[in-house]
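The values are calculated or read from the model by the stated rules, or taken from the named source; none is laboratory data. In this text, all values refer to a predicted model and were calculated from it rather than measured experimentally. Cβ atoms come from the backbone with ideal geometry, glycine included; neighbour counts cover every protein chain shown. Side chains included, ligands, DNA and RNA excluded: accessible areas come from the protein's heavy atoms. Shrake-Rupley method; radii C 1.70, N 1.55, O 1.52, S 1.80 Å.
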Amino acid sequence: MTKKKVALAYSGGLDTSVCIRYLQKIHDLDVVTVTVDCGQNEDFVETEKKSLDIGSLKHVFIDAKDEFVSDYIVPSIRANGLYQEKYPLATALARPLIAKKTVEIAHKENCNFIAHGCTGKGNDQVRFDVTIKSLDPSLGIIAPIRDMNLTRDVEIDFARKENIQIDTKVNNYSIDVNIWGRSIEGGNLEDVLVEPPLDCFQLVKFDSSKTQYLEIEFENGIPVSLDGVKMSLISMIDILNKKAGNCGIGVVDHIEDRIVGIKSREIYEAPAAITLIEAHKDLEKMVLTSQELRFKHLVDNQWGWLAYSGLWLDPLRTALDAFINETQKRVNGKIRMKMHNGGLRVVGRYSDNSLYKNELATYESGSLFNQELARGFVELWGLQSITANTIINNLNKGKKYLGEYKNEN
Ligand code: ARG
């Protein structure tokens, strides 16, 4: 009798490598491994070899870099996608894409199950499970590391016994990489008192004091040219990861609230993401009205939360994207930035759609702003606050039964 099949989202790391064997031994399944390239820059031939050596039935490689950029990174730039104001969502954005591709392969290969190597403590399990079930609720999900409550040392032990090759130079970090950034956690980073050692960084350099300028042009909220040269966004991200990284830009070190309630110390390197989001935010400030900006800030925040928390396919995101896309029609223009020694600053901006008008803003003579109108405006603007304070002052004067009305003056 032929065995049932499982499609395993496979990175080639320790967790997913031991998963192949667990799926065979414990679940008696044939394993199809799926590696999705989101720009992690690995030796994918080696990954395939590893999978087949461990005993998978078949290995499938999918280059999803372009889709990752167009369908995940572009919306994220437009939404100024950051979680808790800091994390540019690199890992969070890639997970639903990896899940989607793995579901596609599961269908093609007639698999009854999908498996992933996530633990029960992180966010990635939520992103995988919710996306897979949203796409096809009939697929069973197996997460051997979570299901068996496995720890790293148990996995390493198992790998040795089973003759599974593991990377011997593994440090204790858990690292996830794609074109939008590197996420680094675990090991000595768990000591929140201690500065992250240099060995956890790869994109950001800390030894440069040179100053660099950049000019980024946006069309409809999408970066289209760098220093006057039109290019694909994927090339721009690549260049910026190097350029901004070389100027020490792109490190995030923060305490993050995971979906499952754990506070964890997370380190990220995302030079391109941080530069592009900063530039995009600045351009929006020049072309959107204050009403649009105030509301978009709330929308962006909610968008970042959905992307972070595994709800990429929630219909709310589609609705938020519709609003965001409407606002981006005027987000055209150029942003000039200065990078020096880890510092990133916008130093110039230009847009045909700018709401900044020099003739209104200037303090010099010739301003078109009519100051006489301001007096009446201010009076009406403060009307309710001034009236309320008059009432509070009167109450404080005699009416003890309303004594909680205290006036600071
Ligand atoms: N905390 C980040 C997130 O939830 C990064 C997770 C990194 N994953 C990893 N396997 N190292 O998106």
- Message: Looking only at segment 233-286, count every residue that is open to solvent by 10 Å² or more (accessible area, probe 1.4 Å), within 16 Å of the ligand (Cβ to nearest atom) and assigned to a helix (DSSP H, G or I) and tell me the total.
- Response: 1
- Return the total of residues in segment 18-59 being over 23 Å from H107 (Cβ atoms) and under 26 Å from the mean Cα position of the chain (by Cα). 5
- Task: From the list L135, L139, L198, pick out the single residue that is farther than 18 Å from S11 by Cα, aliphatic (A, V, I, L, M) and open to solvent by less than 30 Å² (accessible area, probe 1.4 Å).
- Result: L139
- Test each condition in (1) over 22 Å from the mean Cα position of the chain (by Cα); (2) hydrophobic (A, V, I, L, M, F, W, C); (3) over 28 Å from F201 (Cβ atoms) for V347 and report the one that comes out false. (3)
- Scanning segment 345-368 for residues that are in contact with a helix residue (DSSP H, G or I) (Cβ under 6 Å, 6 or more places away or on another chain) and part of a strand (DSSP E or B), the one farthest from N220 (Cα to Cα) turns out to be V346
- Give me the pairs, please: first residue somewhere in segment 18-31 and assigned to a helix (DSSP H, G or I), second residue anywhere and of a type in the set (F, W, Y), beta-carbon distance under 7 Å, and either six or more positions apart or on two chains. V18/F158
- Item | helices (runs of 4 or more DSSP H) wholly inside segment 96-201 that include at least 3 residues being in contact (Cβ under 8 Å) with a residue 24 or more places away in the chain and within 16 Å of the ligand (Cβ to nearest atom) | 124-135, 144-147
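Just give me the residues in segment 322-344 being assigned to a helix (DSSP H, G or I) and crowded, with 16+ Cβ neighbours inside 10 Å, in sequence order.
Result: I324, T327, Q328, R330.
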- Tally time: how many residues in segment 202-230 are closer than 18 Å to M337 by Cα, open to solvent by 40 Å² or more (accessible area, probe 1.4 Å) and without any contact (Cβ under 8 Å) to a residue 60 or more places away in the chain? 4
